1. Of all residues in region 43-63, count the ones that are among the hydroxyl-bearing types (S, T, Y) and in a helix (DSSP H, G or I).
2. For L66, work out the one condition from (1) in contact with a Cys (Cβ under 9 Å, 6 or more places away or on another chain); (2) open to solvent by less than 90 Å² (accessible area, probe 1.4 Å); (3) part of a helix (DSSP H, G or I) it doesn't fulfil.
3. Yes or no: A47 surrounded by fewer than 12 Cβ atoms within 10 Å (Cβ to Cβ), of a type in the set (A, V, I, L, M) and under 18 Å from S9 (Cβ atoms)?
4. Taking region 22-35 as the search range and keeping residues that are modelled with pLDDT of 95 or more and out of contact with any helix residue (DSSP H, G or I) (no Cβ under 9 Å at 6 or more places or on another chain), which one is least open to solvent (accessible area, probe 1.4 Å)?
5. Out of everything in region 1-26 that is basic (K, R) and outside any loop (DSSP other than H, G, I, E, B), what residue ends up being farthest from the chain's Cα centre (by Cα)?
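The values are calculated or read from the model by the stated rules, or taken from the named source; none is laboratory data. This structure is a prediction, so every number in the text was calculated from the model and none was measured. Cβ coordinates were reconstructed from backbone atoms using ideal geometry, including for glycine residues, and neighbour counts include every protein chain displayed. These accessible areas exclude ligands, DNA and RNA; they are computed on the full protein's heavy atoms, side chains included. Shrake-Rupley method; radii C 1.70, N 1.55, O 1.52, S 1.80 Å.
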Amino acid sequence: MGLKDDLESKPPCHPRACAIQDCLTKNNYKEEKCSHLIDALYECCDAFYQKYGDNATSASCPKASLLRLKMKQRQDERKR
């Protein structure tokens, strides 16, 4: 599924959240093995908030302010 499909899923971005859970289970909960899927979820959640506003909610996404903080932290980590 692509971003558009994931945004329209119920709840929005749910397939990406499930992909993270599957990956973590398969990799003994080593987050670094699933980092690309976390980035994909954050991409979807960011698009969700851009489309529906920061007060929108999805069980699959952190609140908009926390999402932006986590995205910045991940970006800063990659620069190191």
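1. Residues flagged as among the hydroxyl-bearing types (S, T, Y) and in a helix (DSSP H, G or I) within region 43-63 amount to 2.
2. Condition not satisfied by L66: (1).
3. Considered against the rule, which asks whether it is surrounded by fewer than 12 Cβ atoms within 10 Å (Cβ to Cβ), of a type in the set (A, V, I, L, M) and under 18 Å from S9 (Cβ atoms), A47 comes out as no.
4. Across region 22-35, the extreme among qualifying residues is T25.
5. Result: K26.
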